[in-house]
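K.L.:
Handing you this structure, nothing more for now.
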Amino acid sequence: METKVYLGGRPTLAIIDRAAIRSNFLQVKKNIAKEVDILAVVKANAYGHGAVETAKALGQAGCKFFGVAICEEGIKLREAGVKAPVIILGGIYTGQRRDIVKYNLTPVIFDIDTAHQLNNFSSKTGRKIKVHVKIDTGMGRLGLLPEEVEPFFQKLKRLANLEVDGILSHFAEADEENKGFSREQLAIFLKALKVIQKLAFKPHFQHIANSAALLEYNPSHFNLVRPGIMLYGVYPTRRMMKKIKLKPVMRLVTKIIQLKDVPKGFSVSYGRKYITKKEGIIAAIPIGYGDGYPRHLSNKGEVLIRGQRARVAGTICMDITMLDVTHIKGVSVGDEAVIIGKQGNDEIQVDELAEKAGTIPYEILCGITSRVPRVYV
Ligand SMILES: *Cc1c(COP(=O)(O)O)cnc(C)c1O
């Protein structure tokens, strides 16, 4: 048995291509009418890509609106100098009224208590607070139920310090080829908008379309769309590859830090779930579930080395993963190992990785932990 080791800094990196972000934004723009604006969803650290850098790249491409899930994410953007409107899609908590005003963030609201609290707070500051109101048209998550819309807006009429700047909803299955349920949701949304207009509200924005609806359901565009995943170069479903040309944004890479020539019958990692069938070579790479490489890929995942695929050997550990690299000619310590992205003529897309891990690309991307440095090129 022989061992070789890698000397140097930890080479595990998420390399983010800013030009690809800008290109994806411009592709989105091509797919919507001129009068429709784009609210780029940069929640969960821009799906793991780094919220501040992503928002800046999008800003350079002409993006004028951003969406985040929570107030804290909005504050982070403001502190980094992002001036564009930022919508807090997931609503706000009682302790955050002050921050909404201080950082000029736009909360989504869906209950009258929050409306009252914001209105009272606003009367003290002397400045109107803009809000977007969310309607649950069938997602069954956040928002007013259709029958609550009229009474809610009647009460809202008395809250003079709030300005209803937008009305929104969210699709439950916009990625399904059959748009039956989305059509029902849209009809409920349109009806709610009528009720709201009848009560003399004139919200500037109406929005309901995520990436999937943006690509496949034009009647849902209104005057603002909310793409997330597609800005990161990932298709909501493979079917949509025909519709738009997106560029992958993230490459997740590391290097081989140790190689071992091992005999037949050699066992690898916790639980000894991999036993070599013949004499071979096992590589160790410094990435594990502590970095967001899913443990579900144990004995299943594939990594690119010298343009070829190497299978994960045994259980993925917190910090290290082993690969069987017996078949890779000239394999050396220090060779680049690509977890996500292109190498040579092959590519491992987030979709592929997610499918093998039994999840969706969204979870893989947001799951890449803060331990992995993001490098912008
Ligand atoms: C996350 C999110 C989006 C973006 O969805 P994608 O499928 O990533 O395009 C849009 N709207 C809301 C309310 C969201 O929470």
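Bear in mind these aren't lab numbers, they're just calculated from the coordinates by the rules spelled out. Bear in mind the structure is a predicted one, so any value in this text is a computation, not a measurement. Positions of Cβ are backbone-derived with ideal geometry, glycine not excepted, and every protein chain shown enters the neighbour counts.
K.L.:
Can you find, among G9, I305, A20, the residue farthest towards the positive end of the dipole of the chain? Put +1 on the C-beta of Lys and Arg, -1 on that of Asp and Glu.
P.N.:
A20
K.L.:
Tell me the angle of helix 112-125 to the major Cα principal axis of the chain, expressed in degrees between 0 and 90 and rounded to the nearest ten.
P.N.:
For helix 112-125, the angle is close to 80 degrees.
K.L.:
Which of rounded, prolate or oblate describes the range 215-281 when judged by the alpha-carbon gyration tensor and an a/c cut-off of 1.5? Before the final figure, lay out the partial values.
P.N.:
Numbers: a/c = 4.19, a/b = 3.40, b/c = 1.23.
Note, shape of the range 215-281 comes out prolate.
K.L.:
Here's something else I'd like to know. Can you tell me how the chain classifies by the Cα gyration tensor, rounded, prolate or oblate, using a/c under 1.5 as the rounded cut?
P.N.:
The shape class here is prolate.
K.L.:
Taking only C-alpha pairs under 8 Å that are 6+ residues apart, what is the relative contact order of the chain in percent?
P.N.:
On the way: 818 pairs, mean separation 71.2, N = 377.
RCO, the chain: 19 percent.
K.L.:
From the phi of every residue in the range 81-97, what ³J(HN,Hα) in whole Hz does the Karplus formula 6.51 cos²θ - 1.76 cosθ + 1.60 yield, where θ is phi - 60° and glycine or proline is x?
P.N.:
With coefficients 6.51, -1.76 and 1.60, one gets x, 6, 9, 5, x, 10, 9, 8, 5, x, x, 10, 10, 3, x, 9, 4 Hz.
K.L.:
Among the aspartates and glutamates, select those whose C-alpha is under 17 Å from the C-alpha of K130, and discard any that sit fewer than 8 residues away in the same chain.
P.N.:
Filter leaves D99, D111, D113, E163, D165.
K.L.:
Continuing with this model, one more query. Would you mind telling me which residue in H327, H296, H207 has the biggest mean-square fluctuation in a Gaussian network model of the chain, where springs connect alpha carbons within a distance under 10 angstrom?
P.N.:
Most flexible of the set in this elastic network: H327.
K.L.:
Relative contact order, percent, of the range 18-233 when contacts are C-alpha pairs under 8 Å separated by at least 6 residues? Mind showing how you got there, number by number?
P.N.:
Numbers: 392 pairs, mean separation 44.4, N = 216.
It comes to 21 percent, rounded to a whole number.
K.L.:
Once you have the Cα-Cα distance between Q154 and D113, take 0.36 nm times their residue separation minus that, and quote the gain in nm to one decimal.
P.N.:
Extra length from Q154 to D113 when fully extended: 13.4 nm.
K.L.:
Then there is this: Which value in nm describes the separation of the simple spin-label points at K34 and E147, placed 7 Å from the Cα toward the beta carbon?
P.N.:
A separation of 4.5 nm, rounded to one decimal place.
K.L.:
Now a separate question. Multiply the residue gap between Q258 and D351 by 0.36 nm, knock off their C-alpha separation, and tell me the result in nm, one decimal place.
P.N.:
My answer for the length gained is 30.6 nm.
K.L.:
Let me ask another. Just flag the GluC sites (Glu not before Pro) in the range 99-189 sitting in loop per DSSP whose Cβ has no more than 11 other Cβ atoms within 10 Å.
P.N.:
E177
K.L.:
OK, next. From a point 7 Å beyond the Cα of L199 in the direction of its Cβ, which residues of the range 128-143 have a backbone N at a distance under 14 Å?
P.N.:
Label zone hits: 132-136.
K.L.:
Taking amide hydrogens as modeled 1.01 Å from N in the peptide plane, which residues meet the under 5 Å criterion relative to K273, leaving out close sequence neighbours?
P.N.:
Placed amide hydrogens put V268, T315 under 5 Å from K273.
K.L.:
Computed over the Cα atoms, what is the radius of gyration of the range 18-233 divided by 2.2 N^0.38 Å, N being its residue count?
P.N.:
So the range 18-233 has a normalised radius of gyration of 0.98.
K.L.:
Here is a further query. Just in the range 268-377: which GluC sites (Glu not before Pro) are loop by DSSP and have at most 14 other Cβ atoms within 10 Å?
P.N.:
E279
K.L.:
Still on this structure, please answer the following. Of all DSSP beta bridges in the chain, what percent run antiparallel (nearest 5)?
P.N.:
Given both bridge residues lie in the chain, the antiparallel proportion sits at roughly 55 percent.
K.L.:
I would also like to ask the following. Calculate the FRET efficiency for I244 and E173 from the Cβ-Cβ distance with a Förster distance of 22 Å, rounded to the nearest 0.05.
P.N.:
Calculated value: 0.65.
K.L.:
Treat each spin label as a single point 7 Å out from the Cα along the C-beta direction, and report the N120 to E79 distance in nm.
P.N.:
Here the modelled spin labels are 2.8 nm apart.
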